[in-house]
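Notes follow once the structure below has been shown.
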Amino acid sequence: MSIPEVLSALDRIHGTVSVIGSMNADYTVTAQRLPGPGETITGGPLQLLPGGKSGNQAAAAAKIGAAVRMFGAVGSDSNADFLLEQLEQAGVDVSNVRRVLGPSGTTVIVVDAEGENIIVYSPGSNAQVTVDYVHSMKEQLVSSSVLGLCLESPIETVTAAAQMCHEAGVKVLLNDSPFTPTIPAELIEASDVLLVNEHEMAQLLGIDEPDDDDWDGFDWQNAADRMAEYGFNEAIVTLGGDGSVVLNTAAPEDQRIVRIAPVKVDAVDTTGCGDSFMGTILAGLASGFSLQDAAKLASYVSAYAATGYGAQASYGTAAQIKAKFAENA
C-alpha cells in the first residue's frame, strides 16, 4: 500500500474504545546519555508530562478520531487534575475515572540524546483499580467495540475486565506490559489479540532471539505456532525501528505472517511510542480494520510520536499525522 492509501485510513476512524488501567504523571528529564549503576549525571530541565500506559493508549486512540472512554483511578494530589485535564484535551471521556486518597501514579523517565529512555514506575492510585470497580462499570465497559488492557493495574482487575467484556462480545486487546511471563490462563482465554515486543515474545514463548538482532531471518512460522499453542491465534510483535509482525494462525495461509515495514523518522524521544501503536490498533479494530491494516497505520502514528518529547504530549491528530507524512508520499 502507498503512503496516501495507509494514511487515508485516518479518515475512517469512528469506533468506540474502552481502556481500563493506568494514568501516570511522568517526571521527565533529558540527558546526553543514560546513567550507569550508581552514577550521577547532569540532565536538562525537569518536565511534568501526562503518561501511564493505559492513559497514553486512550489518548492516542482519541486523537486520531476514536470515541474513547477511560476507566481507572487517580489520587487526591494535584497530579490527578492534571492527568484528567490532559486526557480530556485529547478527546477522552474521563467521567468514569475514580478518585481515591493518596498519590496518583507516577513515573520517573530519563531520555538520552538518541531518544532511548529508562523508566521507573510507582503505581500509586493505579493499584486501587479494583475488581469491584470493574463490575460497577459493566454497562459502560461492554458498550464499546474494543477493550484495551495492559498490566500496570492489578492482574485480577485486568482479568475481570477481560472476562466481562469478552463474554459480552467486546474484542479484547492485551498488551503484556509491564511484561509478565506468566499470564493467567483465565486472562489468555478472555483475550482476543496479544501485543508484545520482540523481547517479550521471546521470553513468553521460550524462543531464542536471533543473532545480531536479525529478525528478517527469524522463524516466524514457529513463533506463530508457539503463540497459538500459548493461547493467542492473533498477535502483533513490535520490532522497534524494524517495524512489526502480525501473526494470525486463523487467517488464510498467505496472511498468517505479515511483516509491517517501519516508518523512518528522526526520533528525539521514543517514550510512549509503543502506547501510541497500541492506541492505533485499538482505534483501527474498533473501526472494522483488519489487524494488519491497523498495524500499518500504527507504524505511521507511532513514528510521528517519536518526533516529539513525552508520551501523550508527542501524539498527533489525524490531520497532523497526514500532514507530516504527505511530504514523503
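Can you name the residue in segment 75-92 that is of a type in the set (A, V, I, L, M, F, W, C) and closer than 14 Å to Asp26 by Cβ and is also surrounded by the fewest Cβ atoms within 10 Å (Cβ to Cβ) among such residues?
Selected residue: Phe82.
From Gly288, Gly310, Gly274, grab the single residue that is open to solvent by 20 Å² or more (accessible area, probe 1.4 Å), among the small types (Gly, Ala, Ser) and not in a helix (DSSP H, G or I).
Answer to the selection: Gly288.
In this structure, is Ala323 at pLDDT 95 or above, in contact with a Gly (Cβ under 9 Å, 6 or more places away or on another chain), part of a helix (DSSP H, G or I) and farther than 26 Å from Ala113 by Cβ?
Taking the combined requirement at face value, the residue does not satisfy it.
Can you name the condition, by its number, that Ala61 falls short on among (1) open to solvent by less than 10 Å² (accessible area, probe 1.4 Å); (2) part of a strand (DSSP E or B); (3) within 27 Å of Thr159 (Cα to Cα)?
(2)
Since Val263 meets every condition but one in (1) open to solvent by less than 10 Å² (accessible area, probe 1.4 Å); (2) of a type in the set (A, V, I, L, M, F, W, C); (3) not in a helix (DSSP H, G or I), which condition does it not meet?
(1)
Scanning segment 202-248 for residues that are among the hydroxyl-bearing types (Ser, Thr, Tyr) and surrounded by 17 or more Cβ atoms within 10 Å (Cβ to Cβ), which turns out farthest from Pro184 (Cα to Cα)?
The initial filter retains those residues of segment 202-248 that are among the hydroxyl-bearing types (Ser, Thr, Tyr), namely 230, 238, 244.
Subset that is surrounded by 17 or more Cβ atoms within 10 Å (Cβ to Cβ): 238, 244.
On the way: Thr238: 22, Ser244: 25 Å.
Once the filter is applied, the top-ranked residue is Ser244.
Scan segment 96-104 and give yes if some residue there is assigned to a strand (DSSP E or B), open to solvent by 10 Å² or more (accessible area, probe 1.4 Å), over 20 Å from Gly272 (Cβ atoms) and of a type in the set (D, E, K, R), otherwise no.
Yes, because at least one residue in segment 96-104 is assigned to a strand (DSSP E or B), open to solvent by 10 Å² or more (accessible area, probe 1.4 Å), over 20 Å from Gly272 (Cβ atoms) and of a type in the set (D, E, K, R).
Could you figure out which of (1) open to solvent by 20 Å² or more (accessible area, probe 1.4 Å); (2) in a loop (DSSP other than H, G, I, E, B); (3) under 26 Å from Ile236 (Cα atoms) isn't true of Ile118?
Every listed condition holds for Ile118 apart from (2).
Write out, first by first residue and then by second, each pair whose Cβ atoms fall under 7 Å of each other, whose residues are 6+ apart or on separate chains, and whose first residue, in segment 183-203, is under 17 Å from Gly241 (Cβ atoms) and part of a helix (DSSP H, G or I) while the second is open to solvent by less than 10 Å² (accessible area, probe 1.4 Å) and of a type outside the set (Phe, Trp, Tyr).
Glu198/Val237; Glu198/Leu239; Glu200/Asp176; Met201/Ala223; Met201/Val237
Can you tell me which residue within segment 1-58, out of those that are surrounded by 19 or more Cβ atoms within 10 Å (Cβ to Cβ) and charged (D, E, K, R), is farthest from Ala160 (Cα to Cα)?
Going through the qualifying residues, I end up with Asp26.
Out of segment 176-188, which residues are under 17 Å from Ile236 (Cα atoms) and either in contact with a His (Cβ under 8 Å, 6 or more places away or on another chain) or surrounded by fewer than 17 Cβ atoms within 10 Å (Cβ to Cβ) (or both)?
Answer for segment 176-188, where residues must be under 17 Å from Ile236 (Cα atoms) and either in contact with a His (Cβ under 8 Å, 6 or more places away or on another chain) or surrounded by fewer than 17 Cβ atoms within 10 Å (Cβ to Cβ) (or both): Pro178, Phe179, Thr180, Pro181, Ile188.
The values are calculated or read from the model by the stated rules, or taken from the named source; none is laboratory data. Every value quoted in this text rests on a predicted model; they were computed, and no experiment measured them. When we count neighbours, we look across all protein chains shown, and the Cβ atoms used for this are built from the backbone with ideal geometry, even at glycine. Quick note on the areas: whole protein, heavy atoms, side chains included, nothing else; ligands and nucleic acids left out. Shrake-Rupley method; radii C 1.70, N 1.55, O 1.52, S 1.80 Å.
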